[in-house]
Amino acid sequence: MLSRWGKKVNRNQELGKAGEEAAVNYLKKQGFQILERNFRTRFGEIDIIATRAKEYYFVEVKTRKTLDHGHPLESFPFYRIQRLKKMTLFYAQRHKILDEKLHLSLLGIDCSQAQPQIFFLKDILE
């Protein structure tokens, strides 16, 4: 399948993009302001950076259409969490927010039911 830019896009990428869009909508409804999407660093990419009540949330999103390979929140291995920490510190240093409250967050979307379910862990380190 080709995107409008001529690049190949597979179904997993489409599901991921749809999941990130659903995550942004969910966070906005919860009162978050979205600061960045797909923020790239040399360590990788942060799906969503958001703020609410002077606190910053660095959100990794995982969308699953079936639970054959486990729940979406179970698919964050330790190394990815470590990378998310590095990316969070990189962003915080660059934007001079190291003194603010920073949260590493996971947002899982389960699309195996007729109505997708969203699971949000606001801070995986607490």
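Might you check whether a residue that is at pLDDT 95 or above, touching a Phe, Trp or Tyr at 6+ places or on another chain (Cβ under 9 Å) and either closer than 18 Å to GLU20 by Cα or part of a strand (DSSP E or B) (or both) occurs anywhere in region 95-102? Checked region 95-102: at least one residue is at pLDDT 95 or above, touching a Phe, Trp or Tyr at 6+ places or on another chain (Cβ under 9 Å) and either closer than 18 Å to GLU20 by Cα or part of a strand (DSSP E or B) (or both).
Of all residues in region 81-120, those being within 22 Å of PHE43 (Cα to Cα) and touching a residue at least 12 places away in the same chain (Cβ under 8 Å) number 20.
Residues in region 92-108 that are out of contact with any Asp or Glu (no Cβ under 8 Å at 6 or more places or on another chain), under 18 Å from ILE34 (Cα atoms) and either surrounded by 15 or more Cβ atoms within 10 Å (Cβ to Cβ) or among the hydrophobic types (A, V, I, L, M, F, W, C) (or both): ILE97, GLY108.
Among the residues examined, THR41 qualifies as at pLDDT below 95, of a type in the set (Ser, Thr, Tyr) and within 17 Å of ARG83 (Cβ to Cβ). Just one of the listed residues (ALA23, ALA50) is surrounded by 15 or more Cβ atoms within 10 Å (Cβ to Cβ), touching a Leu at 6+ places or on another chain (Cβ under 6 Å), at pLDDT 85 or above and part of a helix (DSSP H, G or I), and it is ALA23. Condition check for GLY70 on (1) in contact with a strand residue (DSSP E or B) (Cβ under 9 Å, 6 or more places away or on another chain); (2) modelled with pLDDT of 90 or more: one failure, at (2).
The values are calculated or read from the model by the stated rules, or taken from the named source; none is laboratory data. What you are looking at is a predicted structure, and each value in this text was computed from that prediction instead of being measured. Because the Cβ atoms are built from the backbone with ideal geometry, glycine has one as well, and the counts that use them run over all protein chains shown.
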